[in-house]
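Notes for the one structure printed next.
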Amino acid sequence: MDLKLYDTLSREKRSFVPIDPANVRMYVCGPTVYDFAHIGNARPVIVFDVLFRMLRHLYGAEHVTYVRNITDVDDKINARAAEEYPALPLNEAIRKVTEKTDKQFHDDVAALGCLPPSVEPRATEHIAEMRTLIEKLIASGNAYVAEDNVLFSVPSMKDYGQLSKRPLDEMIAGARVEVAPYKKDARDFVLWKPSKPGEPSWPSPAGVKAPGRPGWHIECSAMSWKYLGETFDIHGGGIDLVFPHHEDEIAQSRCAFHTPVMANYWIHNGFLQIEGEKMSKSLGNFVTIREILQAHWHGRAWSGNVVRLAMLTTHYRQPIDWSARRLAEVEKELFAIAGEFLQIPTSIFKNDHKSFADWLETVREPLDPTFIEFLCDDLNMPGALSAIRPKFPKISSDLKVASSVLATLQFVGVLHRQNLFLNTSPILRGVLDKEAQQGVFLAGRRLQVAMLNGYDREINEARSLLTDMEIEATFQAGGITLLSRDADTVSAQKEWIEKRIKARWDARARKDWAESDRIRDELLAMGIVLKDSKEGTTWEIAR
């Protein structure tokens, strides 16, 4: 299947042809770990996770290497460390900040359903590679030493600026480089700079006496070289990194290794706005991934599934307007999909599926071919979702359709069983109408997310909502058991359970042990524990 990707460098959609199909290589710029990652940071993480999954699907998981770096040396990190730990030596404070924020980032992206990259290098562990690159650039005449700084000489690269294609005056204005008298050209950028007293420092490259630390751009050139080689397949990141970061990476790497390209494809995701405005702390609309996941945005928690799907409903290259309305619409659709799965009659499961929960665990295929075709067209997720939406109402009546939809959505990281499905809802399925089931499911879903993540306020609110519905909820490792305390519904629930027990005894009477075990496991997955004795079978809710 032909994968086409839009290449920022050539400004065209191109068929992806790897340098080596047995070793497909992708590098994506990762976070600077000084604070909680904001929701804009989530977009490249999710987008390139989908591309990573596609490459693994097309070439085999063992043939794809995905590198996403961690920047752990930066002025913002130094400032945060001094602010949070003023009594500690700066280097020790920096270590505390980066360890804490690194864990926060990984917890958040895991909640968004992202696979870990193949390699996740930290900048401070690759200083030797950075020095080697810098020394190569000095030797080739592409860099020079000035007042203990090492700077890249932009005029030394004749075709500098091909990625961003900016005019000279715009490059000077937008380069975000320090204006300094020791620069030979206003566009020249720092490869290495002297450290201030107390700041992190390392032995400098040849020709520089004072200890110092790397510039930002050289870090990614060094780490991509270390793990992917002088030239590799894909380099990715947000559109805001095109200039100067990616432009300068290209200059460093190409001049150091004398190669025509650094990466064959440059992939960039579009900007993110918050409810129609640019996100900024000054506007008061700066929001982190953690705040959205932990009930601090618009007064409630949003699950990682909802955040992920909401991010994918706009094509990755287009700007996206992030809003509570978008999240609510996506959540409604996810609940509707989940409701269809919960309507699947257990009688249609094959013998190798002992229960609904077991089926959820074992479904891995088939992937919907039209969905995959859309993904192969420059990761067109909106088109892919539109292609399978007509199948959603058929989930509850056709197990083949259900298997395909579940496998396909899970393929792109949506519909994680542990974060979406309530194993016990089939009990209520037998006695509540569809609208009532959806209401109970919504409340139970909120409780499950809250308990999985330890959100105390949401736990209390969801329990209160269930109490108002006269629903009793208990939490176990396998899910949440939901049973009604309304007298009429309780009677119907008991009748439904006892019918299942009778069906099990009928199976035992005809020595259909497989069916007997299947019914027992089906009930157990719903939180119903059976106890057999000479007098018959009793049941209780697992506690």
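The values are calculated or read from the model by the stated rules, or taken from the named source; none is laboratory data. Quantities reported herein were computed from a predicted structural model and do not represent experimental measurements. As a convention, Cβ positions derive from the backbone with ideal geometry for all residues, glycine included, and neighbour counts pool all protein chains shown. Heavy atoms of the whole protein, side chains included, go into the accessibility calculation; ligands, DNA and RNA do not. Shrake-Rupley method; radii C 1.70, N 1.55, O 1.52, S 1.80 Å.
Looking at the range 1-42, which trypsin sites (Lys or Arg not before Pro) are in a loop (DSSP not H, G, I, E or B) and have at most 12 other Cβ atoms within 10 Å?
Within the range 1-42, the qualifying trypsin sites (Lys or Arg not before Pro) (loop, at most 12 other Cβ atoms within 10 Å) are 11.
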Descending packing, highest mean Cβ count within 10 Å first, for 225-235, 83-93 is 225-235, 83-93
Only bridges with both residues in the range 179-288 count here: give the DSSP antiparallel percent, nearest 5. 50
At what distance in nm do the modelled label points of residue 83 and residue 281 sit from each other, each positioned 7 Å from its Cα along Cα→Cβ? 0.4
Kirkwood Rh, angstrom, the range 163-288 [1 / mean 1/r, Cα pairs]: 16.9
With an 8 Å cut-off on Cα pairs and a minimum separation of 6 or more residues, tell me the relative contact order of the range 221-309 in percent. 24
Electrostatic dipole magnitude of the range 24-78 [Cβ: Lys, Arg +1; Asp, Glu -1; Cα centre; debye, to 20]: 300
Excluding same-chain residues fewer than 8 positions from residue 103, which lysines have a Cα within less than 20 Å of its Cα? 76
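If we sort 40-51, 509-520 on the protection proxy, mean other Cβ atoms within 10 Å, highest first, what's the order?
Descending packing order for the listed peptides: 40-51, 509-520.
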Contour minus Cα-Cα distance for residue 394 and residue 370 (0.36 nm per residue): 7.0 nm
Can you give the percent of C-alpha pairs in the range 50-173 whose distance is more than 23 Å? 60
Sort 144, 27 by heavy-atom solvent-accessible area, probe 1.4 angstrom, most to least. 144, 27
So what is the relative contact order of the range 1-99, in percent, for Cα pairs below 8 Å that sit 6 or more residues apart? 28
Once fully extended, how much extra length lies between residue 335 and residue 165, figured as 0.36 nm per residue of separation less the alpha-carbon to alpha-carbon distance? 56.7 nm
Could you compute the FRET efficiency for residue 139 and residue 182, with r as their C-beta to C-beta distance and R0 at 25 Å, rounded to 0.05? 0.80
Which order do the peptides 274-284, 306-316 come out in when sorted by mean C-beta neighbours inside 10 angstrom, highest first? 306-316, 274-284
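Can you work out the FRET efficiency for the pair residue 4 and residue 120, with r the C-beta to C-beta distance and R0 = 35 Å, to the nearest 0.05?
With R0 = 35 Å, the Cβ-Cβ based efficiency is 0.80.
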Give me the extension gain from residue 100 to residue 457: residue separation times 0.36 nm, minus the current Cα-Cα distance, reported in nm with one decimal. 126.1 nm
